[in-house]
Amino acid sequence: MDYLLAVGASNMDIAGHSTGPVRAGDSNPGQIAFAPGGVARNVAHNLALLGHRIRLVSAVGDDLPGHSLLDATAAAGVDVQACWVLPGQATSCYVSLHGPDGEAVMAVNDMQIVARITPERLAPLAADIAAAQAVLLDCNLSDAALAWLCTHSGSAPVFVDAVSAAKCVRMAPWLQRVQLLKANQLEAETLTSLPLRSLADAPAVAGSLHRQGVRQVVLSLGALGVFWSDTDGTQGVQAALSGPVVNTTGAGDALMAGLLHGFTLGHSLAQAVRFASACAALTVQVSCANNPKLSLAQVDAALAAIN
């Protein structure tokens, strides 16, 4: 089919940006911004900006943040008809504090509503999920939901965002179903019990994930760049693209959107990672989790500038 499908979290992001070094236990002068967020929602938003037909499956509360999230996501071009608005539940919220360099110093999330995305709620969507061109899952989902989705996704390729070291273990029993896994250092170490302290460690970590069934591995390693590995035997490193950094929240979601974009076009993993890295570089230049100006033209211009 000609649509992509993303299943997982939708959050209201509240980001505080300190204008000076962050001092624990003190009030830090700065700016505070509210914006739509959540891994699956951010990826879906980015894919819509890149011109894809994308459906989001998520849950929000019947409250002002929830309706605001759905309105903003639909306005970006995402089909939100499969999202549930649940009375009596609070919409997920992600609160982060950033230093003047844009790096997150601390974050707190309240994502209890994601547990309401149950197999029972997902069951009526089984045919749509299996018919998708590809399915993106984020590990904010419960063990039961991930198990159901991996079992009922049919022949649709499954892309997984590991989300965190604590949550990525939920996918461990289903890695043989994964077309592409995106993980950072801690997440990859958790799934493989191997160290990932440098690029020299990356091939062994990727090899472990391949043996567990993952076909394509993308390891996001911050300043070291992105290491990628395919079961066809190809591997490589994409250096981090330089540019201004305002806020790193959402960079990984933009990377995942770029990877899905490349997959739909039949690009090699190397090509997809290069494109995706430009998506991430553009995203960190804005204060929210999605760059509203993200587009194919903007990505092409960013890549042309480094050639």
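Results, tabulated for the structure shown:
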| quantity | calculated |
| --- | --- |
| Check: the chain dipole with +1 on Lys, Arg Cβ and -1 on Asp, Glu Cβ, in debye | 380 debye |
| Exposed trypsin sites (Lys or Arg not before Pro) absent: longest stretch of the chain, with sites in DSSP loops and at most 13 other Cβ within 10 Å deemed exposed | 24-196 |
| Area projected by the alpha carbon convex hull of the chain, averaged over all directions, nm² | 15.2 nm² |
| Value at 222 nm in deg cm²/dmol, rounded to 500, when DSSP H runs of n ≥ 4 in the chain each add -39,500 (n - 2.57) | -9500 deg cm²/dmol |
| Ranking of Phe34, Phe227, Phe263 by count of other Cβ atoms within 10 Å, fewest first | Phe34, Phe263, Phe227 |
| Residue order, fewest to most surrounding Cβ atoms within 10 angstrom, among Thr118, Thr19, Thr192 | Thr19, Thr118, Thr192 |
| Positive-end extreme of charge dipole, the chain - chosen from Ala172, Gly252, Gln285 (charges on Cβ) | Ala172 |
| Ranked list, fewest to most other Cβ atoms within 10 Å of each Cβ, for Trp84, Trp148 | Trp84, Trp148 |
| Of every Cα-Cα pair in region 1-107, the percent that sits beyond 18 Å | 52 percent |
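Bear in mind these aren't lab numbers, they're just calculated from the coordinates by the rules spelled out. The structure presented is a predicted model; accordingly, all values stated were derived computationally and were not measured. So basically every Cβ, Gly included, is an ideal-geometry build from the backbone, and we count neighbours across all protein chains shown.
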